[in-house]
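**Q** I have a structure here, written as structure tokens, and I will follow up with some questions on it.
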Amino acid sequence: MSVGDNRAMDRPARLAVGVVSAGRVGSVLGAALTRAGHTVIAASGLSAASVRRAERLLPGVPLRPPDEVVRSADLVLLALPDDALAGMVRGLVATDSLRPGQILVHTSGAHGVEILAPAAEVGALPLALHPVMTFTGREEDIERMAHCCVGVTAATGDDAAWNVGEALVMEMGGEPVRIPEPARPLYHAALAHGANHLVTLIADCAELLRGAGIADAERVLGPLLSAALDNVLRQGDRALTGPVARGDAGTVRAHLDVLAERAPGMSASYTALARRTAARAAGAGLLATDTAAELTGLLDDHARGADS
């Protein structure tokens, strides 16, 4: 059934769901909506991986072209790459695939609802629901939704849309967090900086350990990094430890020297993060201002030397 005449409801009715496309995010959210009592009536997916994923997570759901998926759905889930979203929305509007009263949801973290404006103009209800988690496209992701925050963005002042978005998130087991449209770019930058760069940082650390002859680098890193993550989430900057936070300039200099010799590709990231660590430690009162300035000077000298 369509929700076109029931937008004031806080809780969506049982909906016919169309998933575009059956990637890792779309398939998992489609399965979560199915578990909540909605019905996924069609999905799109061309790659062999998408077909296999749909067979596993959305059994019995037919795979159709996007315009056919959208036409038959009350709730349209656009689980597409950031750069593909605008073109898909324009295409759906141009082919008259959307109708008034449909709920149109995208899962991009980078965008709010402004990118869905062409669909809103033809009467669709635009929502952005961004699960703050990484997806494997496997069954365990559905369970992980129960511990996941979801960034919800709706049009400013449209209380019915905000309520529908939050209700959908709660039905899937997530915790809705309102993200106003103007805050969306900084919100997404924060998440990407943390999650994506954390992976890069840890992979670099493991590579350095293997370069030092330590075979099981991940086993060595696991307890240390798990404790560091837990501590910073509970204590913030007070969780800072190590040579930069202690002001041990000699140790930092030794790190810079060995990285320049053995892993020059990682030297710049160490320098940048050490500089930020010194600033945060000083701001938290863990590091004297003059010591922080000494460390920053050391790091700047190293960076200039690397560039010359």
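The values are calculated or read from the model by the stated rules, or taken from the named source; none is laboratory data. Source: prediction; values computed, not measured. Methodologically, a virtual Cβ is constructed for each residue, glycine included, from the backbone with ideal geometry; neighbour enumeration extends over all protein chains shown. The area values use the complete protein model at the heavy-atom level, side chains included, leaving out ligands, DNA and RNA. Shrake-Rupley method; radii C 1.70, N 1.55, O 1.52, S 1.80 Å.
**Q** Test of understanding: among Ala32, Ala54, which residue is in contact with a Gly (Cβ under 6 Å, 6 or more places away or on another chain), within 25 Å of Thr134 (Cβ to Cβ) and of a type outside the set (Val, Ile, Thr)?
**A** Ala54
**Q** Kindly evaluate His302 against the criterion of being out of contact with any Asp or Glu (no Cβ under 8 Å at 6 or more places or on another chain), at pLDDT below 95 and open to solvent by 30 Å² or more (accessible area, probe 1.4 Å).
**A** On the way: out of contact with any Asp or Glu (no Cβ under 8 Å at 6 or more places or on another chain): yes; at pLDDT below 95: yes; open to solvent by 30 Å² or more (accessible area, probe 1.4 Å): yes.
The answer is yes for His302.
**Q** Consider Arg253 carefully, then state whether it is surrounded by 13 or more Cβ atoms within 10 Å (Cβ to Cβ), among the charged types (D, E, K, R) and under 21 Å from His193 (Cα atoms).
**A** No: the conditions fail for Arg253.
**Q** State which residue is most open to solvent (accessible area, probe 1.4 Å) when the search covers only segment 84-97 and only residues that are of a type in the set (Gly, Ala, Ser) and more than 19 Å from Val152 (Cα to Cα).
**A** Of everything passing the filter in segment 84-97, Ala94 is most open to solvent (accessible area, probe 1.4 Å).
**Q** Cβ-Cβ distance below 6 Å, separation of 6 or more or different chains: which pairs start in segment 70-87 with a residue that is farther than 17 Å from Leu33 by Cβ and end on one that is among the hydroxyl-bearing types (Ser, Thr, Tyr) and modelled with pLDDT of 95 or more?
**A** Pairs that qualify, where the first residue is farther than 17 Å from Leu33 by Cβ and the partner is among the hydroxyl-bearing types (Ser, Thr, Tyr) and modelled with pLDDT of 95 or more, are Arg71/Ser97; Asp82/Ser108; Leu85/Ser108.
Residues checked against (1) modelled with pLDDT of 95 or more; (2) basic (Lys, Arg); (3) part of a loop (DSSP other than H, G, I, E, B); (4) open to solvent by 10 Å² or more (accessible area, probe 1.4 Å):
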site: Arg99; (1), (2), (3), (4): yes, yes, yes, yes
site: Gly109; (1), (2), (3), (4): yes, no, yes, no
site: Ile115; (1), (2), (3), (4): yes, no, no, yes
site: Thr136; (1), (2), (3), (4): no, no, yes, yes
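**Q** While we're looking at this one, here's another question. Looking at Ala274, Ala268, Ala245 in this structure, which one is within 20 Å of Ile202 (Cβ to Cβ), under 26 Å from the mean Cα position of the chain (by Cα), open to solvent by less than 30 Å² (accessible area, probe 1.4 Å) and touching a residue at least 12 places away in the same chain (Cβ under 8 Å)?
**A** None of the others qualify; the one that does is Ala274.
**Q** Among the residues of segment 12-47, what is the count of those that are within 17 Å of Thr136 (Cβ to Cβ) and assigned to a helix (DSSP H, G or I)?
**A** 9
**Q** Let me ask something additional. Within segment 280-293, restricting attention to residues that are exposed (fewer than 14 other Cβ atoms within 10 Å of the Cβ) and in a helix (DSSP H, G or I), which residue is nearest to the chain's Cα centre (by Cα)?
**A** Gly283
**Q** Something else now. Out of segment 138-164, which residues are in contact (Cβ under 8 Å) with a residue 40 or more places away in the chain and not charged (D, E, K, R)?
**A** Passing the criteria: Ile142, Met145, Gly151, Thr153, Ala154, Ala155, Ala160, Ala161, Asn163, Val164.
**Q** List pairs: first residue in segment 281-293 and modelled with pLDDT of 95 or more, second residue surrounded by fewer than 13 Cβ atoms within 10 Å (Cβ to Cβ) and among the β-branched types (Val, Ile, Thr) anywhere in the structure, Cβ distance under 9 angstrom, at least six positions apart or on different chains.
**A** Matching pairs, first to second residue: Ala282/Thr289.
**Q** Select, from Val169, Val220, the only residue that is β-branched (Val, Ile, Thr), more than 19 Å from Ala268 (Cβ to Cβ), open to solvent by less than 40 Å² (accessible area, probe 1.4 Å) and in a helix (DSSP H, G or I).
**A** Numbers: Val220 fails: open to solvent by less than 40 Å² (accessible area, probe 1.4 Å).
When all the criteria are applied, what remains is Val169.
**Q** I've got another one for you. Please count how many residues of segment 145-186 are among the charged types (D, E, K, R) and within 14 Å of the chain's Cα centre (by Cα).
**A** Here the count works out to 1.
**Q** Could you say whether any residue in segment 207-215 is in contact (Cβ under 8 Å) with a residue 40 or more places away in the chain and surrounded by fewer than 16 Cβ atoms within 10 Å (Cβ to Cβ)?
**A** Yes, segment 207-215 has at least one match.
**Q** Report whether or not Gly157 is among the small types (Gly, Ala, Ser), in contact with a Lys or Arg (Cβ under 7 Å, 6 or more places away or on another chain) and either under 21 Å from Pro185 (Cβ atoms) or outside any loop (DSSP other than H, G, I, E, B) (or both).
**A** For Gly157, the condition - among the small types (Gly, Ala, Ser), in contact with a Lys or Arg (Cβ under 7 Å, 6 or more places away or on another chain) and either under 21 Å from Pro185 (Cβ atoms) or outside any loop (DSSP other than H, G, I, E, B) (or both) - is not met.
**Q** Next up: What tally of residues in segment 223-242 results from selecting those that are exposed (fewer than 13 other Cβ atoms within 10 Å of the Cβ), closer than 24 Å to Thr291 by Cα and among the hydrophobic types (A, V, I, L, M, F, W, C)?
**A** Count: 0.
**Q** If we scan segment 192-199, do we find a residue that is of a type in the set (S, T, N, Q), open to solvent by 60 Å² or more (accessible area, probe 1.4 Å), assigned to a helix (DSSP H, G or I) and free of Cβ contacts under 8 Å to residues at least 40 places away in the same chain?
**A** yes
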